[in-house]
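As C-alpha cells, the structure follows; a few thoughts come after it.
The values are calculated or read from the model by the stated rules, or taken from the named source; none is laboratory data. Quantities reported herein were computed from a predicted structural model and do not represent experimental measurements. Here the Cβ positions follow ideal geometry from the backbone for every residue, glycine too, while neighbour counts run over all protein chains shown. With ligands, DNA and RNA removed, areas are computed over all heavy atoms of the protein, side chains included. Shrake-Rupley method; radii C 1.70, N 1.55, O 1.52, S 1.80 Å.
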Amino acid sequence: MDSRVLLLALATFVTGTAENIVIGILPDVATGLGVSIGLAGQLTAVFSITFALAAPLALLLTGRLERKTAFIAALAMFALCNLLAAASPGYGVLFAARIGMAAASATIALLATMLATELVDESRKGRAIGVIFMGVSGSLVLGVPIGMLVCSLAGWRSVFLALAALAVLVLIVCRGKLPDVGTRRQGTPDYRAHLRAPPLLCAQLVSILMIAGHFVLFAYLAPYIAGVLGIAGSGTVLAFIAFGVAGVSGGYLGGLAADKLTPRRAIVLVPLGYLTALMLIPLAAGSGFSFFPMMMAWACLSWMISPAVQSFLIATGPDTAEAGVSLNLSAMHIGVGLGTALGGGAVELVPIAYLPAIGAILAAMALIAALLAYQGAAKHGPMVV
C-alpha cells in the first residue's frame with residue numbers, strides 16, 4: 001500500500017482518538033471542570049452530532065480549495081481546537097472546542113478518503129478506503145488506551161496537548177509528502193441527485209442500520225459480558241482488546257472484499273456474514289472459549305461495512321461519489337446514535353441477553369437494503385445523475 005495512504009490513515013487515527021478519548025478520561029474531566037459525569041459525557045455526544053452535520057458541509061466549504069491545502073488547513077484547525085481544549089477554563093469553552101474539533105475531524109475524514117482513492121490505481125481503491133478506516137478503528141484499540149495512560153501520568157489536559165502535537169507532526173509530514181491534487185473534480189455536490197438514486201439511498205441505509213445494529217450491543221458490551229458470561233475485571237479488558245484487534249483487521253478486509261469480489265457483491269455479503277455472527281453470539285455465550293472467537297468475527301465484520309459501502313457508492317454513482325462519501329460519514333454517526341439509544345432503551349425493558357437479537361433485527365433490515373442496492377446497481381450499472 002502506498003505510504004501516503006498510511007499517512008492519511010494516521011490522520012484519521014488522531015481524529016478518531018479525539019472523538020472517543022473523553023469516554024476513557026470521563027471521571028477526570030468531570031472532576032477537573034467541576035461538572036457531573038452525565039454533563040461531561042455530552043462532550044462525546046456533541047462531537048458525534050457535529051461530525052454528522054459537518055461532513056456534508058465540509059464538501060461544500062472546501063469545494064474551491066486545492067484539496068491538499070484544505071486537508072492541511074483542517075489539521076491546523078484540529079490542532080488549535082485541541083490547544084483550546086487543553087487551556088479551557090471551564091465547561092463552556094471545552095464544549096465549544098469539541099465542536100470545532102469535530103468539524104475539523106469530519107473534513108479530515110472526508111478528504112483523507114477521497115485523496116486515498118486518488119493515490120492508488122482502480123484495482124486497489126477499496127483497500128485504500130479500508131486502510132483509512134483502519135486508522136479510525138485503530139484509534140479505539142490504541143489511541144484511547146494511550147490517552148488514558150497519558151491522563152493518568154499528567155492529567156486530562158495533557159491528552160489534548162498530545163493530540164495537538166501529534167496533529168502538527170502529521171501536518172508537517174503531509175505537507176511534504178502529499179502531492180498537490182487540485183480542486184475537486186466534480187462540480188457542486190448534488191446531494192438530492194445522490195439520494196434520488198434508489199441503489200445509492202439503499203446503500204446509505206445499509207450503513208445506518210448495520211452500524212445501529214452493532215452499537216445496540218457494542219455500547220453495552222461490558223455489562224453484557226458481565227451479565228451473560230459472568231466475566232468482569234481483567235476478563236473484560238481482554239475482551240475489548242480482542243474486539244479491537246479484530247475490528248482493525250476488518251477495515252482492511254472490507255476494502256479487500258470490495259476490490260476482489262466487486263463492491264456490489266461485498267455490500268451484500270458483509271451484512272449477511274454480520275447477521276449470521278450476531279445470531280450465533282447467544283449460542284456461543286455459554287463459555288468464554290466459544291464466545292471470544294464469535295465476538296471477534298462479529299467485530300471484524302462490523303468494521304468491514306464502511307469500506308464496502310463507500311466503494312459501492314463510488315463505483316455505482318461516480319458522478320456523486322464525493323457527495324455520497326460525505327453523506328456516508330454522517331450516516332455512520334447516525335447509526336452510532338440510533339443503536340446506542342435503542343440499546344439503552346432495551347436494557348431498561350428486557351434482559352440484557354436480548355441485545356444481540358435486537359441488533360440482529362437491524363442487521364436483517366440492513367441486509368434487505370443491501371439486496372435492494374445490489375439489484376438496483378445490477379439493473380442500472382454505474383449511474384450518471
Task: region 245-288, residues that are aromatic (Phe, Trp, Tyr) and surrounded by fewer than 17 Cβ atoms within 10 Å (Cβ to Cβ) - done: none
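Here's the yes/no breakdown for (1) more than 15 Å from residue 135 (Cβ to Cβ); (2) modelled with pLDDT of 95 or more:
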| position | (1), (2) |
| --- | --- |
| 70 | yes, no |
| 78 | no, yes |
| 83 | yes, yes |
| 88 | yes, no |
| 92 | yes, no |
| 98 | yes, no |
| 106 | no, no |
| 109 | no, no |
Task: Whichever residue in region 77-87 is more than 21 Å from the chain's Cα centre (by Cα) and open to solvent by less than 20 Å² (accessible area, probe 1.4 Å) and, among such residues, is nearest to residue 192 (Cα to Cα) - done: 85
Task: Residues of region 20-48 that turn out to be at pLDDT 85 or above and under 14 Å from the mean Cα position of the chain (by Cα), as a count - done: 1
- [ ] Name the residue, out of 307, 356, 318, that is open to solvent by 30 Å² or more (accessible area, probe 1.4 Å) and of a type outside the set (S, T, N, Q).
- [x] 318
TODO: Kindly indicate whether residue 3 is over 17 Å from residue 99 (Cα atoms) and touching a residue at least 12 places away in the same chain (Cβ under 8 Å).
DONE: yes
Task: Selection within region 61-76 - polar (S, T, N, Q) and either assigned to a helix (DSSP H, G or I) or open to solvent by 30 Å² or more (accessible area, probe 1.4 Å) (or both) - done: 69
Open item on the list: Condition check: small (Gly, Ala, Ser) and either touching a Lys or Arg at 6+ places or on another chain (Cβ under 8 Å) or under 22 Å from residue 208 (Cα atoms) (or both). Does residue 24 satisfy that?
Closed with: no
- [ ] Can you confirm whether region 262-280 contains a residue that is at pLDDT below 90 and among the charged types (D, E, K, R)?
- [x] no
- [ ] Give just the number: which of (1) among the small types (Gly, Ala, Ser); (2) modelled with pLDDT under 80; (3) surrounded by fewer than 24 Cβ atoms within 10 Å (Cβ to Cβ) does residue 165 not satisfy?
- [x] (2)
Task: helices (runs of 4 or more DSSP H) (entirely within region 224-330) containing at least 2 residues that are in contact with a Lys or Arg (Cβ under 7 Å, 6 or more places away or on another chain) - done: 234-261, 288-316
TODO: Determine whether residue 339 is at pLDDT below 90, under 19 Å from the mean Cα position of the chain (by Cα) and more than 11 Å from residue 207 (Cβ to Cβ).
DONE: yes
- [ ] Considering (1) over 24 Å from residue 133 (Cα atoms); (2) open to solvent by less than 30 Å² (accessible area, probe 1.4 Å), say which one residue 348 fails and leave the rest.
- [x] (2)
Open item on the list: With the requirement that a residue be buried (at least 18 other Cβ atoms within 10 Å of the Cβ) and without any contact (Cβ under 8 Å) to a residue 60 or more places away in the chain, what does region 23-32 give you?
Closed with: 30
- [ ] Please work out which residue is farthest from the chain's Cα centre (by Cα), limiting yourself to region 289-303 and to residues that are open to solvent by 40 Å² or more (accessible area, probe 1.4 Å) and of a type in the set (Phe, Trp, Tyr).
- [x] 289
TODO: Within region 33-60, track down each residue that is in contact with a helix residue (DSSP H, G or I) (Cβ under 7 Å, 6 or more places away or on another chain), of a type in the set (A, V, I, L, M), in a helix (DSSP H, G or I) and open to solvent by less than 50 Å² (accessible area, probe 1.4 Å).
DONE: 33, 40, 43, 46, 52, 54, 55, 58, 59
Open item on the list: Just checking, does region 362-385 include any residue being part of a loop (DSSP other than H, G, I, E, B), under 17 Å from residue 204 (Cβ atoms) and open to solvent by 40 Å² or more (accessible area, probe 1.4 Å)?
Closed with: yes
Open item on the list: Take the conditions of a type in the set (Gly, Ala, Ser), surrounded by fewer than 16 Cβ atoms within 10 Å (Cβ to Cβ), touching a Gly at 6+ places or on another chain (Cβ under 9 Å) and at pLDDT below 80 and apply them to residue 182. Does it pass?
Closed with: no
Open item on the list: Looking at the structure I just gave you, is residue 54 hydrophobic (A, V, I, L, M, F, W, C) and either under 24 Å from residue 207 (Cβ atoms) or over 21 Å from the mean Cα position of the chain (by Cα) (or both)?
Closed with: yes
